[in-house]
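Please find one structure pasted underneath; my questions will follow.
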Amino acid sequence: MTTIRVALPTDYEVIGEIAVRAYAEAGSLPADVDYASVLRDAADRAEHGELLIALAGDRPLGTVTVVQPGTAYAEISQPGELEFRMLAVVPEAAGNGVGRALVRAVIDRAREHDAKRVVLCVKDTSEPARRLYESLGFERCPERDWSPAPSVNLLAYALDL
């Protein structure tokens with residue numbers, strides 16, 4: 001059984017490593033940007049958003065960062081929306097529902113905050129992530145697609161609540 005909770009400062013180091021490992025194994029670390037250092041800095045994400053951790057017992061399996069519009073880690077969110085970023089699951093737990101549980105926790109948070117929509121960006125080459133989001137009802141918002149670096153094309157998705 002997977003438990004989702006707000007990350008504690010004692011979780012930050014392992015969360016950073018989970019994120020770096022998951023992105024590296026998925027081929028999602030850009031060559032022209034030091035994104036690994038951003039992923040590794042879970043403490044900073046927790047300071048500017050809500051950092052969630054997925055656990056099986058006491059074993060960390062995944063993480064996601066939840067942010068409000070206009071905050072340091074927000075990319076595409078607008079007023080009335082909740083955004084999530086940096087969803088990562090340890091490779092050995094991929095396909096076991098951990099990512100789905102984390103996204104559902106984000107949707108629950110959005111409802112608690114009376115958000116009207118949940119938004120995110122995903123790398124255009126991240127097919128498994130795109131399938132997950134689409135299976136949960138997220139729809140493409142191509143008008144919000146963008147590229148933070150020459151080798152990174154991000155596709156926007158949204159779920160109306």
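Return one whole number: the accessible area per residue of the stretch 4-161 in Å², for a 1.4 Å probe.
I get 48 Å² per residue for the stretch 4-161.
Counting only protein heavy atoms and using a 1.4 Å probe, what share of the accessible area of the chain belongs to carbon plus sulfur, as a whole percent?
50
I need the phi-derived Karplus couplings for the stretch 101-117: 6.51 cos²θ - 1.76 cosθ + 1.60, θ = phi - 60°, integer Hz, Gly and Pro marked x.
5, 5, 5, 4, 5, 5, 4, 4, 4, 4, 5, 4, 8, 6, 6, 8, 7
Give the relative contact order (percent, whole number) for the chain; include only Cα pairs under 8 Å separated by 6+ residues.
Across the chain, relative contact order equals 21 percent.
Still on this model: Any idea how far the Cα center of the stretch 85-161 sits from the one of the stretch 1-57, in Å?
Using only Cα atoms, the two centres lie 15 Å from each other.
With point charges of +1 on the Cβ of Lys and Arg and -1 on the Cβ of Asp and Glu, referenced to the Cα centre of the stretch 1-133, which listed residue (L132, Q68, A93) lies farthest in the positive direction of the dipole?
So the residue we want is L132.
I need the phi-derived Karplus couplings for the stretch 6-12: 6.51 cos²θ - 1.76 cosθ + 1.60, θ = phi - 60°, integer Hz, Gly and Pro marked x.
5, 5, 9, x, 5, 8, 4
Treating only the Cβ of Lys, Arg, Asp and Glu as charged (+1, +1, -1, -1), what charge dipole size does the chain show about its Cα centre? Round to the nearest 20 debye.
The dipole magnitude comes to about 400 debye.
To one decimal place, what Kirkwood hydrodynamic radius in Å is obtained for the chain from all pairs of distinct Cα atoms?
Numbers: mean 1/r = 0.0642 Å⁻¹.
When all Cα pairs of the chain are included, the Kirkwood radius is 15.6 Å.
While we're on this one: Provide the per-residue ³J(HN,Hα) series for the stretch 80-88, in order, calculated from phi with Karplus coefficients 6.51, -1.76, 1.60 and θ = phi - 60°, each as a whole number of Hz, with x at glycine and proline positions.
Here the 3J(HN,Hα) series is x, 10, 10, 10, 10, 9, 6, 5, 8 Hz.
The values are calculated or read from the model by the stated rules, or taken from the named source; none is laboratory data. The structure presented is a predicted model; accordingly, all values stated were derived computationally and were not measured. Don't worry about glycine lacking a Cβ; one is built from the backbone with ideal geometry, like all the others, and counts go over all protein chains shown. Areas reflect the complete protein model, heavy atoms only, side chains present, ligands, DNA and RNA absent. Shrake-Rupley method; radii C 1.70, N 1.55, O 1.52, S 1.80 Å.
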